[in-house]
Amino acid sequence: MLFLLFQLGGDRYAMEAAKIAAVLPLVVPKAIPQAPPAVVGAFDYRGTPVPLIDLSVLAVGRPSQPRRSTRVLVVDYPVGAGETRWLGLIAEQALETVVRDPAQFVPSGVDNGGARYLGPLASDARGLLQWVQVEHLLPDALRDQLFTQAVAG
C-alpha cells in the first residue's frame, strides 16, 4: 500500500495515498469566524468550498509552520451513508511516499480514545511511523459542524 509521509511536531506519520484526492501548495484560506481552533478556514478547490483543518493544531496544539514542505492534502472524508466530502488538511514535511504492507503496522498499546485517528505503528531505520486513519480524523461533533449542512442540503 502506498502512504504519504508527513510530520506533526517532531514525529512522522503516514496516510493512505488512496484516500488523498490532491496534494496542493499551502493556500491562504478564507477565515471562518468562531470556528473551532483546528479549523483555519475554507478554500476553493475545483469550484467547491472545502474546510481546511490544521493537523498540527488538531494533534499537538500548535499551528503548522508555513514552509515549502508544508502542503494541503485534499482527502475524501466519509460523512455517512457511503458519501464523502473533500476536507483540506495542512501537513508539514509532506514530501515523501513509501510503500508498506499494512500488516507491518501493529497496535501502539496505548488507548488514545481522544484521538481515534492515531492508528497502529510501524518502525524503520528512521524510527516509528504512525498511521493516521482519515475516517477517524475528526471528532463527531466537528464532523457534524463542518458537513451536516452539506449532507442535508
Scan segment 117-130 and give yes if some residue there is closer than 30 Å to V28 by Cβ, without any contact (Cβ under 8 Å) to a residue 60 or more places away in the chain and either of a type outside the set (A, V, I, L, M) or loosely packed, with under 12 Cβ neighbours inside 10 Å (or both), otherwise no. yes
When only residues in segment 67-111 that are surrounded by 11 or more Cβ atoms within 10 Å (Cβ to Cβ) and in a loop (DSSP other than H, G, I, E, B) count, which is modelled with the lowest pLDDT? S108
Specify which of the listed residues (D140, D124) is over 12 Å from M15 (Cβ atoms), among the acidic types (D, E) and more than 18 Å from the chain's Cα centre (by Cα). D124
Taking the conditions exactly as written (small (G, A, S), in contact with a strand residue (DSSP E or B) (Cβ under 8 Å, 6 or more places away or on another chain) and not in a loop (DSSP other than H, G, I, E, B)), does A122 satisfy them or not? yes
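The values are calculated or read from the model by the stated rules, or taken from the named source; none is laboratory data. Model, not experiment: these values are computed from the prediction. No Cβ is skipped: glycine too gets one built from the backbone with ideal geometry, and neighbour counts run over all protein chains shown.
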